[in-house]
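Step one of this worksheet: look at the structure below.
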Amino acid sequence: MIDTIIRNALLPLVSEVAPNRYTGDSLEYCTWTYSEIPDDFADDDPNHIRYLVTVNWCLPHGQNPEKKHQIANALKNAGLTYPTITNASDDDGQNYAFQSEWAGGVFDGEA
Amino acid sequence: MAKLDVAGMEEIISGFDALSELPDEVANAILTEQADAVISEIRRTGEAMGVHRTGQTLDSLKATGVKKTKNGHEVKVEFAGKNRAGEKNVTVAFINEYGKTNQPARPFVSTAVEAVEPRTMEIAQKKVEQFLKQKGL
């Protein structure tokens with residue numbers, strides 16, 4: 001479910017998106033990863049999972065990063081917390097890391 | 001005329017007064033143990049996420065000594081120094097955390113900090129309780 005939520009939030013803004021690693025040819029793409037932290041324990045079982053999500057938006061130098069806050073708002077509107085945005089650009093290109101959180105039921109993680 | 005009496009208020013007020021005078025050695029002990037817990041968790045999470053080729057980045061994790069500030073006390077956990085290739089360990093950690101073109105992010109620090117937060121609260125609570133017990137509160 002979380003993968004679908006993130007994909008659907010990003011696709012209207014960035015046409016190439018993939019979880020974990022992008023292997024396509026586009027110079028502009030989004031990829032994401034997340035960690036799962038169990039929470040709200042009862043009888044040693046978690047009732048919720050907190051997803052700590054990092055979305056990376058990569059694009060070439062020289063391209064205007066005007067969509068940065070649109071991406072942040074898209075994630076927020078999809079139900080994630082408004083992300084911390086870190087500029088992790090380097091010589092290879094622009095890279096904006098959006099770190100956000102989402103909470104779901106125990107069986108909400110999916111492929 | 002109605003009167004409201006709350007039993008135990010004096011003890012509570014004494015407790016807060018005692019907390020506001022938390023001695024340096026108690027604050028130091030709390031922060032040192034919390035820093036150790038944070039370092040352990042960052043190392044564990046880093047290993048789990050594959051932030052380990054030579055081990056230099058995770059081995060560079062250090063806690064500074066506890067310093068007094070105008071707001072109380074602080075300790076910093078940092079990636080210190082440079083690796084054998086001459087790169088700053090904090091730079092290598094940054095790239096792992098946030099990723100780069102053709103290298104996915106491995107947010108080992110932010111994940112570790114989130115995961116260890118309850119443990120750090122327990123550390124502080126336990127040490128404050130010990131201190132208050134010693135004060136007879």
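The values are calculated or read from the model by the stated rules, or taken from the named source; none is laboratory data. If you're wondering where the values come from, they're calculated on a predicted model, not measured in any experiment. Backbone-built Cβ (ideal geometry, glycine too); neighbour counts: all protein chains shown. Calculation scope for accessible area: heavy atoms of the full protein, side chains included, ligands and nucleic acids excluded. Shrake-Rupley method; radii C 1.70, N 1.55, O 1.52, S 1.80 Å.
I'd like to check something: does region B:121-131 contain any residue that is open to solvent by less than 40 Å² (accessible area, probe 1.4 Å), within 14 Å of chain A (Cβ to nearest Cβ) and either out of contact with any strand residue (DSSP E or B) (no Cβ under 9 Å at 6 or more places or on another chain) or of a type outside the set (Val, Ile, Thr) (or both)?
Let us first name the residues in region B:121-131 that are open to solvent by less than 40 Å² (accessible area, probe 1.4 Å), namely B:123-124, B:128, B:131.
Keeping just the survivors that are within 14 Å of chain A (Cβ to nearest Cβ) gives none.
No; the residues of region B:121-131 include none that is open to solvent by less than 40 Å² (accessible area, probe 1.4 Å), within 14 Å of chain A (Cβ to nearest Cβ) and either out of contact with any strand residue (DSSP E or B) (no Cβ under 9 Å at 6 or more places or on another chain) or of a type outside the set (Val, Ile, Thr) (or both).
Tell me which residues, restricted to region A:63-77, are at pLDDT 95 or above, open to solvent by 90 Å² or more (accessible area, probe 1.4 Å) and within 27 Å of A:Asp91 (Cα to Cα).
A:His69, A:Gln70
Just one of B:Val116, B:Val51 is within 14 Å of another protein chain (Cβ to nearest Cβ), surrounded by 14 or more Cβ atoms within 10 Å (Cβ to Cβ), within 23 Å of A:Asp90 (Cα to Cα) and at pLDDT below 95; which is it?
On the way: B:Val116 fails: within 23 Å of A:Asp90 (Cα to Cα).
So the residue among B:Val116, B:Val51 that is within 14 Å of another protein chain (Cβ to nearest Cβ), surrounded by 14 or more Cβ atoms within 10 Å (Cβ to Cβ), within 23 Å of A:Asp90 (Cα to Cα) and at pLDDT below 95 is B:Val51.
I'd like the residue in region B:76-109 that is more than 9 Å from chain A (Cβ to nearest Cβ) and small (Gly, Ala, Ser) and, out of all such residues, is surrounded by the most Cβ atoms within 10 Å (Cβ to Cβ).
If we take residues in region B:76-109 being more than 9 Å from chain A (Cβ to nearest Cβ) and small (Gly, Ala, Ser), then B:Ala93 is surrounded by the most Cβ atoms within 10 Å (Cβ to Cβ).
Identify, by number, the condition in (1) within 21 Å of B:Lys100 (Cα to Cα); (2) open to solvent by 40 Å² or more (accessible area, probe 1.4 Å); (3) within 11 Å of another protein chain (Cβ to nearest Cβ) that A:Arg50 doesn't meet.
Evaluating A:Arg50 over (1) within 21 Å of B:Lys100 (Cα to Cα); (2) open to solvent by 40 Å² or more (accessible area, probe 1.4 Å); (3) within 11 Å of another protein chain (Cβ to nearest Cβ) leaves (1) as the failure.
Which of the numbered conditions does A:Ile6 fail, given that it passes all the others? Conditions: (1) closer than 23 Å to B:Asn102 by Cβ; (2) open to solvent by 60 Å² or more (accessible area, probe 1.4 Å); (3) hydrophobic (A, V, I, L, M, F, W, C).
With respect to (1) closer than 23 Å to B:Asn102 by Cβ; (2) open to solvent by 60 Å² or more (accessible area, probe 1.4 Å); (3) hydrophobic (A, V, I, L, M, F, W, C), A:Ile6 is out only on (2).
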